[in-house]
Amino acid sequence: MTLDTAPPGGLRRTLSALGAAQAYIGLVLVLAVGIATKGEMFLNETNLTNAIGAFASRGILAVGVTLVILTGGIDLSVGSLLGIASMTAAMMLSKHSLEPWQIVPICMVVGAFFGFLNGAGTTWLRIQSFVMTLAMLSVVRGLDRQVSDNVSVGTQITGPDGQLTPQAEAFQLFGTPGHNLFGRVYYPVLAFIVVCVVFHLILTKTRFGRHVYAVGGNPTAARLSGVNVTAVTIAVFTLSGLLAGFAGPIDAAYSASADPQAGQSYELDAIAAAVIGGASLAGGKGTIAGTFVGALILTLLDNVLGLNAVSDNWQLVIKGLIVVVAVVLQRPDLFTFFRGGSRS
Amino acid sequence: MTLDTAPPGGLRRTLSALGAAQAYIGLVLVLAVGIATKGEMFLNETNLTNAIGAFASRGILAVGVTLVILTGGIDLSVGSLLGIASMTAAMMLSKHSLEPWQIVPICMVVGAFFGFLNGAGTTWLRIQSFVMTLAMLSVVRGLDRQVSDNVSVGTQITGPDGQLTPQAEAFQLFGTPGHNLFGRVYYPVLAFIVVCVVFHLILTKTRFGRHVYAVGGNPTAARLSGVNVTAVTIAVFTLSGLLAGFAGPIDAAYSASADPQAGQSYELDAIAAAVIGGASLAGGKGTIAGTFVGALILTLLDNVLGLNAVSDNWQLVIKGLIVVVAVVLQRPDLFTFFRGGSRS
Amino acid sequence: PAPATSAESGGEKKTFVVGYSQSNNAEPYRAQLNLQLQHFMKQYQDIELLPIADARQSSATQVSQVQNFITQKVDALIVSPTEPAPLTAAVQQACDAKIPVIILDRTVNTDCYTAFIGGDNVLIGRKAGEEAVKLLPDGGNIVELRGILSNQPQIDRDKGFREAIAANPKIKIIADREAKWLKEQATPIMQQWLAQHPDIDLVYGHNDPMALGAYLAAKAAGKAEQIRFLGIDGLAIPDGGIRAVQLGQLSATFIYPTGAKEAAETVNKILHGQQVEKEQVLGTTQVTKDNAADLYKQFDLSGQN
Amino acid sequence: MTTVLAMRAIGKSFPGVRALDGVSLSVGEGEVVALLGENGAGKSTLMNILAGVFKDYEGEIEIGGEPARIHSPKDARRHGIAMIHQELNLVPELSIADNIFLGRERVLLDRKDMETRTAGLLRGLGLDLSPRTLVKQCKIAERQLIEVAKALSQNVRVLVMDEPTSALADAEVHRLYQVIRDLTGRGVAVIYISHRLEELEEIADRVVVLRDGRYVGERTSVDRDDLIQLMVGRPLGELFPRKNGGSDGPELLRVERLSVPGEAGSGRTALREVSLSVRSGEIVGVAGLMGAGRSELLETIFGAYRPSGGGMSLDGRPYRPRSPRQAIARGVALVAEDRKGQSLVLGNTIGFNAGLPSLKRFLRLGVIDRRRENAAVEQQVRELRVKAPGTRFTVGNLSGGNQQKVVLAKWLLTAPSLILMDEPTRGIDVGAKAEIHALMSELAAAGKAVLVASSELPELLAMCDRILVLCEGRITAEFPRGRATQEAILEAAMARQQVTTT
Ligand SMILES: Nc1ncnc2c1ncn2[C@@H]1O[C@H](COP(=O)(O)OP(=O)(O)OP(=O)(O)O)[C@@H](O)[C@H]1O
Ligand SMILES: Nc1ncnc2c1ncn2[C@@H]1O[C@H](COP(=O)(O)OP(=O)(O)OP(=O)(O)O)[C@@H](O)[C@H]1O
Ligand SMILES: O[C@@H]1[C@@H](O)[C@H](O)OC[C@H]1O
Ligand SMILES: [Mg+2]
Ligand SMILES: [Mg+2]
């Protein structure tokens, strides 16, 4: 009576696997263009590492933003939070000579603190997350500029001997180009992947993950099922801040300095990665895998266009067009959707 | 048993008027601070005209964005559209010596065209409006920079006699500071107010207006009630583009030039005005009056902080905080909301 | 009302109020300018510099800031325009209100101002080009990192540079891109260039952060030694170009003078009714390993204030 | 019998509405107490308080003799209270298993365990669905049963069911009774809200009646007239006013071999060569089991789906609606099955919703004449006796039945000539139901054509001039008035792949 209209098991599995593969078509498209036009120059490890490394801190923001989007909110403050975290990292290093492993948790606490305020504002004060995080963007950017006196703070601190201090030397491993862990692994890329894996597991394997989807998919149902909607909401904003804090040192190391403008407009890239990856701003729909793919599409697209020496102006045009094409191609219902007949 | 449980007419009217007044508390707060700290310097006509004039083009964008938000979408491309319209205006003036009254409709058509594409993408291709308009932002910015060759185009065109051409002279009336219609009326402010009034009437008095709210409130119910959801959606994006096109010449006249970067990040200001004014990004909720108030709050806040010579870093901080306070104060359920107990 | 019976008799001592609208504080160059201006203005007891207004890269914001200063009836106004045209009308309004205006760094399209003080970006570009010619006697391949394409300094720095390198036809600009004045944008662009062009000899960055962003990429690729880097700005801050020259990261940079000292002097003269020169075009100093330490000391303000 | 639950002097106010006032209720071990009352009487509110939906209310609650402080759904669960809410409360993007255990998962999910237990629960309710199926792919009736499964999955002492059968057909209803009897056998106390009096006869040990937020009495035997008198405070006319239907009016709607493709993703049934006709002045019923395609048939006639074959004519002219808009323009109205999802903009007012499809009528020079519109809406709303403080009241805050009346009002305002009704009395109290039935008769008498799909066979039998039976998207039988019996209809409804005519 129920499942008998569905296609038989084998076919169904094939279709659903295809549906999943479908999500990667946009990425495949970008990769194909890269390989076709630049071959080995595009596909070699260094280039891919460089390309992903340049986006890694934004990619990490995108993971946090995905959590928030899944609950039906939005977080515009992540760029500012990354900025203040990168400033914190550079100052801890230059003024207080802290060890890198001390710096990261401090930055994460800073990010989480402001993220928590975002969550508190959206729940307890019931401010729409768009306004709350836009206000936070402004407040945090102001604080960042105030503490730094608007001057960028370098991370290549030299001791009296003219050599980098041991802390500054170690800090480079967070992402200064050319500095790899164990001589091989570029930390920003590793960090981005690890963050994706961890949050993928959290979302798919834990109670908290289910609750995140429930809050976004149907907050009333979630509440009536005993989900603490307020706590979940505060938690996702806090995690988003925490991840922005985690990304701060990476950004500082990448530029070997913390700029008072660092992270400006990163929030748009982060949200775009999530949404291109299939997250719905209405909440309840999206995956970390999708966000990861979305981030790759964005950064590899930049890379491919750059390698092909497309002019800056046309890059903007082509990038917009390809994003549209990628999003359309990776619709799960692509094959059926022109046939119409479905409910709007 | 039916309608008789309603409070008596007088009381009901008072209550609802209070609810409406509530929406203005944020604005009153800003005005109060301005008057308290700067008195006549703040409250005089020139200062207010200057302050509102500086925001007028963004205010007009905010009206278009409100329409889109009401249907449950978002329009991130308005800043770019304003940019290309302002470039169009400057080029029409400098290259083709068109009359101002010819330039405005051309700019509106340009804006409406791209807005229409936004609508087509979100409906026919069913791309989330966030992605569609973000892609459009990029495409249009690229085109803008390409046609202008990355050089800003001035609007103060001089003839062989070294004097401004009559067209350039007239064009200044669109908003070059110090140029007033009939020697008294500053066009950007007038245009902003007229746009607000017109769209207020459209939303409250016409069938189209009702349909906009219906589409945002429940698209399925709207469709089953005979609303052409696709057409309404395309229409709001087109109108948003049209208004961005209308704002283009204002921005060009205000700056006496079209910069290839003009309008950058205006979308955030426009959305912020709408949302501070009470529009819900979930759709179906919001008013033009609210957006107008939201725009005033943003621009007068800047003005008050500037007149008080608050340092810029602290301005960012204070602005964020006041926006939060204003939004909380103007909640219609402020008086009850700490008591809790409402559903959902 | 009775006249004030304060200690200083005669009410002769008037304090002048000066407003300054900066185009974007968050650029290190401009932060340095602010710092210097505050420092030099303090030298004049009877002048009060209001908190600096930051337009955050927005012309519209800057126009209203200028209008605010007019409303506040400041005695003199300093403006560093984001762009020439947008500020023109506002400066005109100040002029109409009889407020003396000093334009710093970038121009406006009216001559209704009291003084213009600024660097000569074509000259700086030309100096950089000449240095490139010197560094590449046998010719070579240059890549150019540009500021925001529509910004006048970008246009001028490109122009001067190209003029100068024309001296040696074997020098070629093989690639150029917009890195928007930002270090972080320059690094990935340089990484791509390194993949495309194995034979880059020199990087010309329109400012030091971009040149240094490219340096990071080259260093990572093990090519920092064979490539020369030129920047512009030469800020005396720990993270700035002078230090980078000292460290051998940049071959040279060119001081883009802030004009703060000159601005303070000019304001003082204007307020006391003295004559000032209307156009004050400032030269540049090339920062090399030899003069870097001295220059740093000369411009370092961190100990003061 | 020991008392499991006692609620004492419960009161609750909403802005402008006193929803409950001094209501007491107690339920014993293994007892089924039915709550009865008109739409808006306060039944859901009372039960929502018990389920922890509201933080604030007046009065006390005792569970097993101990005072219980229930101010959140968690509190309620801790006391062994589970509730199936009137409106479906599932998360569409999550699987059935995830929904069933929502809020009660282990910190690290044990998927296997959740899915095995879900499979067992679904089987017990006769649902042949994989626990991994996403809820958005399930039909309304299936969703309602999933809600039941969710409630059953907990260790309950008190189970509240707020109109659990409103979307269910007979077979499922009987399975639900079986489930309830199993539970009461184990000592669970059940509170059951339904507007179907015949259900109460079968399942309830005691009926408690609320009126206007107050307790007005209770009965241990179900005497229809007596209960109705208690509920509405006055005797009611006939329940099914249509005595001698039949119409020899002209044929208004003709559907010929209409086919529509199904859709696996949303669980939509396909229609296969459906032919039917409706005369003006006629009420035609559509019966069938859940998923038979009744809703889809009505929605297709309304232009919501594009048919793949066949044709229609309306009023003698070809009728090919490509959207509901065109259907409405031709004088067709659809009272849809899911009022929350398909019919109402819940966040907006009664007036907004009621006026939406008929705005054209109130235009003057392109501008809506608010006064005329308001007057018309108010009159319609008053005629249908919607219980609300005014037309500017938010629809989402109305009781379920009153929302349904707003839907009716909205379509009546379009002055349709063909009215399609999909479960028109779902969630409607007996009094209102009688009013709606009277309304249907009136409409028919006024020469309108009515095509009504309903899961309540008595309603169809009493109201319709003819009854069509659908099974798997095909018409399997057609009965004229008087010839139809419940048994015959059910048989046809289950007649897969074969066609019978009488
Ligand atoms: N959140 C709310 N805000 C305002 N009024 C409300 C709210 N919830 C319920 N009400 C009002 O409380 C009263 C009781 O509603 P309730 O839902 O309990 O009725 P009900 O007996 O369940 O009716 P039905 O049989 O139609 O479901 C109604 O007048 C309703 O409008
Ligand atoms: N795209 C869709 N989205 C949401 N619900 C849908 C969709 N398509 C169909 N439905 C719903 O699925 C259910 C099955 O529809 P169908 O017409 O096959 O059944 P039916 O005979 O009306 O059965 P019943 O109404 O008893 O469930 C209906 O409630 C219909 O409204
Ligand atoms: O680095 C400087 C940049 O920040 C400014 O905007 O223009 C001049 C440059 O030298
Ligand atoms: Mg109810
Ligand atoms: Mg149905």
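Ignoring ligands, DNA and RNA and using a 1.4 Å probe, state the total buried accessible area between B and A in Å², rounded to the nearest 100.
Counting both chains, the buried surface is close to 4000 Å².
Report the Stokes-Einstein translational diffusion coefficient (µm² s⁻¹, integer) for segment D:410-502, Rh taken as the Kirkwood radius over Cα pairs, at 4 °C with viscosity 1.567 mPa s.
Answer, rounded: 91 µm²/s.
What nm value, rounded to one decimal, do you get for the distance between C:K223 and D:T116 when each label is placed 7 Å out toward the C-beta?
A separation of 6.1 nm, rounded to one decimal place.
Please identify every one of the trypsin sites (Lys or Arg not before Pro) in segment D:137-208 that sits in a loop by DSSP and has no more than 13 other beta carbons within 10 Å of its own beta carbon.
D:R186
Karplus couplings for segment C:34-48 from phi (6.51 cos²θ - 1.76 cosθ + 1.60, θ = phi - 60°), rounded to Hz, Gly and Pro as x?
So the Karplus estimates, Gly and Pro as x, are 4, 4, 5, 4, 4, 4, 6, 5, 4, 5, 9, 4, 9, 10, 10 Hz.
Angle, helix C:152-165 long axis vs. longest principal axis of chain C, Cα atoms, 0 to 90°, nearest 10?
Computed tilt is about 40 degrees.
To the nearest 0.05, what FRET efficiency results for D:D223 and D:R372 with a Förster distance of 56 Å applied to their C-beta separation? Could you put the intermediate results ahead of the total?
Working: r = 46 Å, r/R0 = 0.83.
Efficiency for this residue pair is about 0.75.
Pop out the ³J(HN,Hα) list for segment A:310-324 in order, Karplus 6.51 cos²θ - 1.76 cosθ + 1.60 with θ = phi - 60°, rounded to Hz; leave Gly and Pro as x.
Couplings: 6, 5, 3, 5, 5, 4, 4, 5, 5, 4, x, 5, 5, 4, 4 Hz.
Could you calculate the FRET efficiency of D:K340 with B:L329 from 1/(1 + (r/R0)^6), where r is the beta carbon distance between them and R0 is 41 Å, rounded to 0.05?
It comes to 0.80.
Mind checking the per residue accessible area of chain B for me, 1.4 Å probe, whole number of Å²?
Details: 12310 Å² over 344 residues.
So chain B comes to 36 Å² accessible per residue, rounded to a whole number.
What list of ³J(HN,Hα) values in whole Hz, one per residue of segment D:390-396 in order, does the Karplus curve 6.51 cos²θ - 1.76 cosθ + 1.60 (θ = phi - 60°) give from phi, with Gly and Pro shown as x?
Karplus-based 3J(HN,Hα) across segment D:390-396 equals x, 6, 9, 6, 6, 4, x Hz.
When chain C is treated as a GNM, springs tying every alpha-carbon pair under 10 Å, which of C:S251, C:S64, C:S80 comes out with the largest mean-square fluctuation?
Its mean-square fluctuation being the largest, the pick is C:S64.
Please give the total accessible area that chains C and B bury against each other, computed with a 1.4 Å probe and expressed in Å² to the nearest 100.
2300 Å²
Mind grabbing the interface size between D and B? I mean buried accessible area, both sides, 1.4 Å probe, in Å² to the nearest hundred. Intermediate values should be presented prior to the final figure.
On the way: alone 21830 and 16980 Å², together 35770 Å².
Buried: approximately 3000 Å² between B and D.
So for D:D212, B:D144, D:D21, what's the accessible-area order with a 1.4 Å probe, most first? Please list the in-between numbers first.
Working: D:D212 85, B:D144 0, D:D21 50 Å².
Putting D:D212, B:D144, D:D21 in descending order of accessible area: D:D212, D:D21, B:D144.
Can you list, largest first and rounded to whole Å, the semi-axes you get for segment D:3-238 by taking the square root of 5 times each eigenvalue of its Cα gyration tensor?
In descending order, the three semi-axes are 30, 21, 16 Å.
Given R₀ = 45 Å, FRET efficiency for B:K205-B:L43 by Cβ-Cβ distance, to 0.05?
Plugging the Cβ-Cβ distance into 1/(1 + (r/R0)^6) gives 0.85.
Determine the principal axes of the Cα atoms in chain D, then give the extent along each, sorted from largest to smallest and rounded to whole angstroms.
So the extents along the principal axes, rounded to whole Å, are 69, 52, 44.
Given a 10 angstrom Cα cut-off, can you work out which residue in C:K127, C:K289, C:K14 is the most mobile in a GNM of chain C?
Checking each option, the largest mean-square fluctuation is seen for C:K14.
To check my understanding: the extent here is largest minus smallest coordinate of the Cα atoms along each principal axis. What are those three numbers for chain A, in Å, largest first?
Dimensions of chain A along the principal axes of its Cα atoms: 80, 53, 37 Å.
For q values of 0.21 Å⁻¹, compute log₁₀ I(q)/I(0) with the Debye formula on a Cα-only model of segment D:98-252, without solvent.
Rounded to two decimals, the profile gives -1.35.
So the label point sits 7 Å from Cα along the Cα-to-Cβ vector; using that for A:G178, what distances do you get to the other copies, in nanometres, sorted shortest first?
Those separations, rounded to one decimal, come out as 5.2 nm.
Kindly give the distances from A:L329 to its copy-mates, label point to label point, with each label point 7 Å from Cα along Cα→Cβ, as nm values to one decimal ordered shortest first.
Copy-to-copy label distances for A:L329: 5.3 nm.
By average Cβ neighbour count within 10 Å, what is the ranking of B:301-312, D:222-233 from highest down?
Working: B:301-312: 21.2, D:222-233: 17.2.
Highest-to-lowest ranking by the protection proxy: B:301-312, D:222-233.
Amide H neighbours of A:G283 under 5 Å, at least 5 residues apart or on other chains, H built in the peptide plane: list them.
Excluding prolines and chain starts, which carry no amide H, the hits are A:G72.
Relative contact order (percent) for chain D, with alpha-carbon contacts under 8 angstrom and 6 or more residues of separation?
Relative contact order here is 16 percent.
How far is A:G39 from the same spot in each other copy, in nm, shortest first, if each label point sits 7 Å from Cα toward Cβ?
Going from nearest to farthest copy, the values are 8.0 nm.
For chain A, what relative contact order do you get, as a whole percent, if you take Cα pairs closer than 8 Å and at least 6 residues apart? Walk me through the numbers on the way to the answer.
Numbers: 578 pairs, mean separation 118.4, N = 344.
Contact order relative to length: 34 percent.
Give me the percent of the accessible area of segment D:3-238 that comes from carbon and sulfur atoms, probe 1.4 Å, all protein chains in place.
45 percent
Other chains near B:133-141: what is the mean number of their Cβ atoms within 10 Å of each residue's Cβ?
6
Using only Cα atoms and rounding to the nearest 10 degrees, what angle (0 to 90) does helix D:140-152 make with the longest principal axis of chain D?
10 degrees
Under a 5 Å amide H to amide H cut-off, with H placed in plane at 1.01 Å, what residues pair with D:E456 once short-range neighbours are removed?
Hits under the 5 Å cutoff: none.
Output the 0 to 90 degree angle, nearest 10, between the alpha-carbon long axis of helix D:370-383 and the longest principal axis computed from the alpha carbons of chain D.
Taking the Cα atoms of chain D, the angle to D:370-383 is about 70 degrees.
If exposed chymotrypsin sites (Phe, Trp or Tyr not before Pro) are those in a DSSP loop with at most 15 other Cβ within 10 Å, what is the longest stretch of chain B that has none? All intermediate terms of the calculation are to be shown ahead of the outcome.
Values: sites that count: B:W124, B:F182, B:F338.
Within chain B, the longest run free of exposed chymotrypsin sites (Phe, Trp or Tyr not before Pro) spans B:183-337.
Going by amide H atoms built from the backbone, whose H comes under 5 Å of the H on C:A224, apart from near neighbours?
Under 5 Å from the amide H of C:A224: C:K219.
If you take each beta carbon of peptide B:225-238 and count the beta carbons of other chains within 10 angstrom, what is the mean?
Averaged over the peptide's residues, the number is 4.
Return the single residue from A:S225, A:S280, A:S86 with maximal mean-square fluctuation; model: Gaussian network over chain A, springs between Cα atoms under 10 Å.
Fluctuation is largest for A:S225.
Provide a whole-number value for the mean count of partner chain Cβ atoms within 10 Å of the Cβ atoms in peptide C:265-274.
Partner Cβ neighbours, averaged per residue: 0.
For segment D:3-238, report the accessible area per residue in Å² (1.4 Å probe, heavy atoms, rounded to an integer).
Computed with neighbouring chains in place, this is 38 Å² per residue.
Label D:E29 and A:L125 with points 7 Å out from Cα along Cα→Cβ: what is the distance between them in nm?
According to this spin-label approximation, the distance is 5.3 nm.
Which order do the peptides D:88-94, C:238-244, D:322-328, B:159-165 take when ranked by the mean count of other beta-carbon atoms within 10 Å per residue, highest first?
Descending packing order for the listed peptides: C:238-244, D:88-94, D:322-328, B:159-165.
Would you calculate the convex hull of the Cα atoms in the protein assembly as shown and tell me its volume per residue in Å³?
So the per-residue hull volume is 202 Å³.
The values are calculated or read from the model by the stated rules, or taken from the named source; none is laboratory data. Note that the structure is a prediction, hence the values are computed from the model and not measured. Ideal geometry is used to build each Cβ from the backbone, glycine not excepted, and the neighbour counts take in all protein chains shown. SASA here: full protein model, heavy atoms, side chains in, ligands and nucleic acids out. Shrake-Rupley method; radii C 1.70, N 1.55, O 1.52, S 1.80 Å.
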